[in-house]
1. Quote the relative contact order of region A:56-128 in percent (integer), defining contacts as alpha-carbon pairs under 8 Å separated by 6+ residues.
2. For region B:253-312 and region B:39-53, compute the distance between their C-alpha centroids and round to whole Å.
3. Quickly estimate the mean residue ellipticity at 222 nm for chain B, helices only: each DSSP H run with n ≥ 4 gives -39500 (n - 2.57), and the total goes over all residues, rounded to 500.
4. Quick one: net charge around B:T50, please, counting Lys, Arg +1 and Asp, Glu -1 for every other residue with C-beta under 9 Å from its C-beta.
5. Mean-square fluctuation check for chain A, GNM, Cα pairs under 10 Å: which of A:I251, A:I114, A:I86 is largest?
6. About its Cα centre, how strong a charge dipole does region A:101-201 have in debye, to the nearest 20, once Lys and Arg get +1 and Asp and Glu get -1 at the Cβ?
7. Can you pull out the trypsin sites (Lys or Arg not before Pro) in region A:244-312 whose DSSP state is coil and whose Cβ has at most 13 other Cβ atoms within 10 Å?
8. Test of the criteria: in region B:1-75, which GluC sites (Glu not before Pro) are in a DSSP loop and have at most 15 other Cβ atoms within 10 angstrom of their Cβ?
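Read-outs throughout are calculated quantities, based only on the coordinates presented, and are distinct from any laboratory measurement. Just so it is clear, the structure is predicted and the values come from calculations on it, not from any experiment. Reconstructed Cβ throughout: ideal geometry from the backbone, glycine too, with neighbour counts over all protein chains shown.
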Protein chains: 2
Amino acid sequence: MKYYPVHSGYPPYATVNQAIEAAFAEHGRGNVQMPPKVYVTFVQTGDFRTMPAYLPALEIAGVKIVNVHPDNRARGLPTVMALTVIIDVETGTPEAIVNATELTAMRTGAAGAIAARHLSPRRSVTLGVIGTGRQAEALVEATAATLTIEKILAWSRTEKSAEAFAARYAEYDAQAVSIERASDCDVLLTTTPSTKPLVMADWIHEGTHINAIGADAPGKQELDPALLLMAEVFVDDPGQAIHSGEVNVPISTGLYDSGRIAGTLGEVVIGKKGRSSPDAITIFDSTGLAIQDLAIAALVARKEEGYELPFP
Amino acid sequence: MKYYPVHSGYPPYATVNQAIEAAFAEHGRGNVQMPPKVYVTFVQTGDFRTMPAYLPALEIAGVKIVNVHPDNRARGLPTVMALTVIIDVETGTPEAIVNATELTAMRTGAAGAIAARHLSPRRSVTLGVIGTGRQAEALVEATAATLTIEKILAWSRTEKSAEAFAARYAEYDAQAVSIERASDCDVLLTTTPSTKPLVMADWIHEGTHINAIGADAPGKQELDPALLLMAEVFVDDPGQAIHSGEVNVPISTGLYDSGRIAGTLGEVVIGKKGRSSPDAITIFDSTGLAIQDLAIAALVARKEEGYELPFP
């Protein structure tokens, strides 16, 4: 058994995107075991989630364990930390334990990049960025590995944060702009923890693809429900999306019917589903799947040096 | 974060029994979070189970991951291997990863010992042992830490195995005997993988307590259903017992009604439930709980030296 602290650098997004796409393809083929995430909630401090899965065709199995502790920043710790245990399919031996904190951001970025590549009608795009934290960085970098980024229009609730983000991505002609201006783009990335719609339907033009990343728990939402009704909505996993994705609030209030969901990203990747026309607005509602975590952890475990640990 | 290979010896059963009893007491008070075990089944080789839990009063949280691969013995590996990840409640940081293969046997032994101490009307007992593998050893050793063992009557499908077991426990006047003779005892321990009743109702005398340990998956059973009907049956967890414990087969065939279950071991430990009279036959139906795994892993992590691993 080996432990991978992921000190020695991360795999490039070209490689990560490919591994994540392969996992979504298996999901699209109905060829994975992925029981629902199990939540355990602490009395005052936060929660942790246990995410087991198995991808038979890729011979990958295991579990991600990930916490959410909103007060951690004040202690100098990440809010979200994660560990993935990879189980050998043949013998059941835990073969690798991977520090998955950074990988969690990367696999989310990769899913957005794959969604944009398959759902945006353009190969060369203006990126709109709503929320400029770690997830936004991962999405920009993963997208840059698969599409040409002509320009970035970034908005954050904190103007300084948007400006720092724009400076970091000067190579893509990034600018800090108003939220309405950022929404006028080809591929929009939303990564805020909002519980109220931030992006209004009439700001979005025809042919835009939106990666709705921020909503990952009941009560969270970033998009005007009218936008969901105008758009073709693809999800990573229907059960998880209805429970905690962008569609969760409008479904619970009756503004959106889960029967309108156009398909899953896995079905898009294998060509079974897709946008209906170049003019349609498409949305990818991402909640984060255990199969993504396993695919990226397996990549790290196969490529890097680990600490050898005695087991059994 | 530390890794505990458990190379430096195991805690004594007096300590383990106490920790496991405290966990059951919290369970009896309804003061734990323990979502159902999640099973992932491999195509041909075996399965693995993910068992998260949280004990607020003991400030212990985490997940056990455990496999069952029946063909492992031919490869020189244990059939069952386990790893427990302990999560810090305050920050969500994974603070310890514990090799839990041996601890899984020990925490099962401890639960049986606690059940025997609370449910047997005698402090000084003849132990009947049906099945003489690793679980039987753990049960005998855990029981010896809490009751006086006068004699052991051991039966195994393989006579040689029963004889070797008797030789190992010569200090308790252990003998290899017939299954009927072994059943004539004060505390009976059944630990076989049987799918058909092995222990008949009319072999068991009044006042006997039975730890039914072997059945831990749908289709498994060791006891004559008539014995369940004569006895007062306590379970570790009703949901798990109905799904995969000793009662699972008779419930599914209609021979036993889950409404007859007398209570949980946690309720017995806190004095809320118990045997109705010294003459009653009592049964503890054990399936194995995540709270037991966390309690014993926390004990090891607090007492032993671990390998320091970089995280986050």
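1. On the way: 76 pairs, mean separation 16.1, N = 73.
Reported relative contact order: 22 percent.
2. Centre-to-centre (Cα) distance: 21 Å.
3. Values: 10 runs with 98 residues, N = 312.
Counting only the DSSP helices, I get -9000 deg cm²/dmol.
4. Numbers: positive: B:K37, B:R49, B:K64; negative: none.
Residues near B:T50 contribute +3 overall.
5. A:I251
6. Details: 11 positive and 11 negative charges, 52 e Å.
In debye, rounded to 20, region A:101-201 gives about 240.
7. Numbers: sites: A:R260, A:K272, A:K273, A:R275, A:R302, A:K303; in loops: A:K272, A:K273, A:R275.
Answer by residue number: A:K272.
8. Details: sites: B:E21, B:E26, B:E59; in loops: B:E59.
Answer by residue number: B:E59.
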